[in-house]
Amino acid sequence: MNPSAATAHVTLTQMLASGENRTQSVAVAPSSRSTVDVNGFPGPGEDVSAHVTRDRDIVVERPMYFSYHGKWDGGHDVMGRH
């Protein structure tokens, strides 16, 4: 979420279990939020973590809903302020 009056330019570096890093840029309009679908980028079935950089203060949330290899179903949510 971007609480400011100016667009926030955000870069997501997604780190895959293979060691590959993929980046994605997102522009978040003033006083609004944006959602990144990890199944769309980098793709379904990937183990991934993310590093977020930005050009202004934002609020970052990471909700996760999962069925991991048919063994664990569940979800959780983590929030951070940058």
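Where a number appears in this text, it was derived from the coordinates with a stated rule and is not lab data. In this text, all values refer to a predicted model and were calculated from it rather than measured experimentally. All Cβ positions, even for glycine, are placed from backbone atoms using ideal geometry, and neighbour counts span all protein chains on display.
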Most mobile listed residue (Gly45, Gly70, Gly19) in the chain, GNM with C-alpha springs under 10 Å: Gly70
Where GluC sites (Glu not before Pro) fall in DSSP loop in the chain, at most 14 other Cβ within 10 Å: Glu20
Proximal charge balance of Ala17 [Cβ under 10 Å; K/R count +1, D/E count -1]: -3
Surrounding net charge for Val78, when Lys and Arg each add one and Asp and Glu each subtract one, Cβ distance under 11 Å: -1
Over region 8-81, relative contact order from alpha-carbon pairs under 8 Å, at least 6 apart, %: 31
Under the Debye formula (equal points on every Cα, no solvent term), log10 I(q)/I(0) of the chain at q = 0.26 Å⁻¹: -1.34
Summed side-chain charge close to Gly43 - residues other than Gly43 whose Cβ falls under 12 Å, Lys, Arg +1, Asp, Glu -1: -3
